[in-house]
């Protein structure tokens with residue numbers, strides 16, 4: 001895969017991260033603890049997919065098997081890292097702690113069987129994941145524009161907000177439509 005193709009794939013993956021995080025949040029706002037396994041599975045799948053895909057972009061050091069990782073696709077990894085921290089308003093140690101939290105969740109609950117997964121009592125918080133996705137998207141969008149690729153949303157943040165608005169209405173309607181269903185699978 002050449003750099004242009006990899007950047008386009010990374011843009012698509014960033015959108016997937018954002019959609020899964022925002023859908024999970026809107027579902028949870030509409031009904032924090034759904035009574036049906038159907039919904040609990042969807043909530044969990046949104047969380048797990050967001051974590052796994054975010055890790056493809058941020059979770060491991062770049063290398064041959066990490067074609068979409070920011071360290072692989074940025075021209076100056078040190079500058080990108082510093083700009084990312086500045087944009088997020090955090091220091092490197094805060095990033096490392098967050099990165100470790102997300103990666104631990106992925107390693108123990110999503111990507112591998114790990115009996116320690118029971119030690120994870122909460123789902124990851126996605127605020128920094130979203131902000132880092134918006135930042136990386138802006139970087140990639142500017143790089144792709146240099147090679148004539150411009151057919152993407154101008155702002156992943158605005159796209160994310162629009163997706164959340166639509167998801168809010170759909171989540172409320174869908175959860176309401178299943179309110180009368182009894183859980184039959186225990």
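For the reader, a short list of remarks on this structure follows.
- Neighbour-count ranking [beta-carbon atoms within 10 angstrom, fewest first] of 101, 5: 5, 101
- The chain: angle of helix 92-105 to the longest principal axis, Cα-based, in degrees nearest 10: 50
- Across the range 3-177, C-alpha contacts under 8 Å between residues 6 or more apart give a mean separation that, scaled by the residue count, equals a relative contact order of 33 percent.
- C-alpha center-to-center spacing [the range 1-26, the range 122-166] in angstrom: 8
- Relative exposure of 160, 28, judged by other C-beta atoms within 10 Å (fewest first): 28, 160
- Per-residue extension of 0.36 nm, minus the Cα-Cα distance of residue 33 and residue 91, leaves a gain of 17.4 nm for this segment.
- Per-residue Cβ neighbour counts within 10 Å put 155, 167, 176 in the sequence 176, 155, 167, beginning with the fewest.
- Using alpha-carbon coordinates, inclination of helix 127-146 to the longest axis of the chain, degrees: 40
- Inter-probe distance in nm under a simple model that places probes 7 Å from Cα toward Cβ, at residue 166 and residue 101: 3.0
- Under 17 Å from a label point set 7 Å out along the Cα-to-Cβ vector of residue 179, the amide N atoms of the range 18-38 belong to 27-36.
Here, each number is a calculation from the coordinates, and none is a lab measurement. This structure is a prediction, so every number in the text was calculated from the model and none was measured. Ideal geometry is used to build each Cβ from the backbone, glycine not excepted, and the neighbour counts take in all protein chains shown.
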